[in-house]
Each structure stands twice: as structure tokens, then as C-alpha cells.
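Report on the following structure.
Coordinate-derived values only; no laboratory data. Since the structure is predicted, the reported quantities are computational estimates derived from the model, not experimental observations. Cβ coordinates were reconstructed from backbone atoms using ideal geometry, including for glycine residues, and neighbour counts include every protein chain displayed.
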Amino acid sequence: MIEENNRLDPKLVEEFLKFGKNMIEAPKLVPALDEINLEVTEHEVAYTEDKVRLLHYKPRTSTQIKTPLIIAYALINRYHILDIHPQKSWVRNLLDQGIDVYMVDWGTPTNMDKYLDLDDYVNGYLDNCVDFVRDESEVDNVSLQGYCTGGTIGTVYTSLHPEKVKNFVATAPVIDGWRDTTVVSNLAKHIDVDKMVDSIGNMPPEFMYYCFSILKPFEQGIEKYTNFFRNIENESYVDNFLRVEKWLGDTPPIPGELFKQWIRDIYQDNLLIQDKMYVGGKHISLKNITMPIFTQVAIGDHLVSPECSMPLHYAVGSEDKTLRVYPTGHVGMIASSLSQKKVLPELGQWLKEHSELR
């Protein structure tokens, strides 16, 4: 009886041996990250300023709405997540709906950029990009979308320059720092950001890697790679895994002064939602946002709590406002089958209804 109870499950043994074999064979089966081709949607660099580039994507339909859309990506990682795979591309889906899409690539700051602050990004780079698109498209105002920290930058910009924004789309924006219950927020609220920036200058990618690693330590560590080795013979799984890993590994530094202002004003003092924030000496009032606004929130977001994003919907001055909450996570909202089937069709329809047609 004892011997029978101590016998190993043959299926468990087989799975264990297969897992070990997959780990050994991994270097032969999996390409290096620098060999991964993301197959990004065709585009041209329409405008440059310092390290910043404005990308303009090639139309994929014969008819387009006249009001162009400018996407202000986050300051963390790269814009590639919005074009991570042809079948999961946020950009390509909008193009297929007849929307004229531009993307702000913030570039890679160096030590000489450590004194750049929110004023430089909002009233400098982003404002110049908006003016360029307005001139090129021959329109008075544009649709503006901001994702994650780009959503916060977009919110500040729209408050200061409402006459240039016809529609504002806030996707998982960081708005009410005190309501954010994520690990990132809790860490941000307890760091001496002045001492940190004075000591190291720009915030290095290694710090951002650390923040990501502690968000979901088991899921982002052991479970993540266990699932990878279990599915190493599944080409589609491996391809998607490597594309996201390539994106995660491509994290630029954040200018020191910008990082300092961000942590202090958004997370520690929570000035934005209280209408107490100033950028470039100008007061930021969310009541100035009176144009149509579409706020997108992910209920399972572990980078920006839904409770942090949703207050924007209730604080703005607009009477034409829409709030959508989706059963997914931070990345799932923009790069998943749900995104393609639900999130993007709703956004595209909303943009068409609120944009000027040709």
C-alpha cells in the first residue's frame, strides 16, 4: 500500500521531462529578441524636434475622416505596443476604420535632457506636433489620444490648449494619484524624489524594470517563464511572448526634472485632480476640457488603478463625455483580441461621430 501511494504520476513525470527538454532546446527553437521583426505598420517621420519624432501612418482605406488623430504615447517603454502585431495593432485597426493616425515617439533622452520638464513636453514638443498636424491637414483642431502617462500629458495639454483639440481620448490615464492602489503608486508616494534625481539624474531603465518586476512578482517571474517553456513548441504563443518581451526590454530613461515633477505633483501631492497643478506657470483646470471626451479604463489594470483614471470623467467641464470600462488589463485594453473586437470598434465609431468628414 505504501509503495503504491508513493508512486509518481506517469503524466506528471512525462510533463516534467518534457519541460526540462524544452528548457534545454530553447536556444535552438527561439530567436534572440533583436531578431524579432515587429512588422510595424508602414509610416513616415513627418516631424522631428530634438529626440522627439512624429510618425504619420500610411492610409489603408480610400476614404478617411478629415479630423486627424494624434496619439501621445506614454513616457515608459515605446509606442510599439500600439502596433505590436498586425492582428493586434491598435494603429492598424484605426487606419482600417478610415482614421488618419499620427504617433508621438518621445525618443531616448540623454544626460543633456535631464532638465526637461512637463512644460517642455506639453507646451513644447506636443504643442509643436499638434500645430504641425493642423497645418498639414488644414484643420483648426485635432483629435488627441493619450495612453497611460501619455493620457496625463494629453489631459494637461487639452486643459491648456482646448481650442486645438476637437476630441480627447484618455486611455488608462493617471489622474487621481491618491486613489491609485497599484504598487507603482505606493512606491511613488514614499520615495524622496528630489534626492533620487539629484543623485542619479535621469531615471534609468533599470528602475523601471524594478517597478515592473514587483507589480506581480509571481506572474511576472516564475509563472511567466514556466508557461513560456511549456508552450515553446507553440509558434503563435512564442511569437506573441517575444514581441511583448522585446517591447518591455526597450525602455528609455525619463528626464530627471520631468520624473521629479511627475512623482511630486501627480502621486504625492495629487494636484491634477484638485485643480491645483501648474505647468509652465499656467494653471491646469480640468473644467477647461469642454470638448467631447472618451475615457477608457481597464478593470484589471495593475499599472493604473481604474479608481485613478475614472475621476477624469466626472471632473471635466464637457457635457459630451463617455466612459467605458473593459474586463481586461493595462496592455490587454490596447493589444488583444478584446481590443480588436470591442475596444477599437467602439472608439472608431465614436471618433467618426465626433469628427469632420471629408
| Distance (nanometres) between label positions extended 7 Å along Cα→Cβ at Lys195 and Lys352 | 5.6
| Dmax and Rg, reported as Rg then Dmax, of the range 75-144 (C-alpha, Å) | 14.5, 41
| query | In the range 33-353, what % of DSSP beta bridges are antiparallel (nearest 5)? | reply | 35
| task | For each of Lys341, Lys51, Lys114, count neighbouring Cβ atoms within 10 Å of the residue's Cβ, then give the residues from fewest to most. | result | Lys341, Lys51, Lys114
| message | Just to check I understand the Karplus step: with θ = phi - 60° and J = 6.51 cos²θ - 1.76 cosθ + 1.60, what whole-Hz values come out for the range 288-304, glycine and proline as x? | response | 6, 7, 10, 7, x, 9, 10, 10, 10, 10, 9, 5, x, 5, 9, 9, 9
| query | Mind checking the dipole of the range 33-353: about its Cα centre, +1 per Lys or Arg Cβ, -1 per Asp or Glu Cβ, Debye to the nearest 20? | reply | 760
| query | Taking K and R as +1 and D and E as -1, what net charge do the other residues with C-beta under 14 Å from the C-beta of Ile273 add up to? | reply | -3
| task | Give the shape of the range 260-324 as rounded, prolate or oblate, defined through the alpha-carbon gyration tensor: a ≥ b ≥ c are the square roots of its eigenvalues, a/c under 1.5 means rounded, and otherwise the shape is prolate if a/b is larger than b/c and oblate if not. | result | oblate
| For the range 33-353, treating each Cα as an identical point scatterer without solvent, what Debye log10 I(q)/I(0) comes out at q = 0.11 1/Å? | -0.66
| said: Could you tell me the relative contact order of the range 33-353? Use alpha-carbon pairs under 8 Å, at least six residues apart, and round to a whole percent. | reply: 22
| note | Check: C-alpha center the range 81-124 vs C-alpha center the range 161-201, spacing in Å is 17
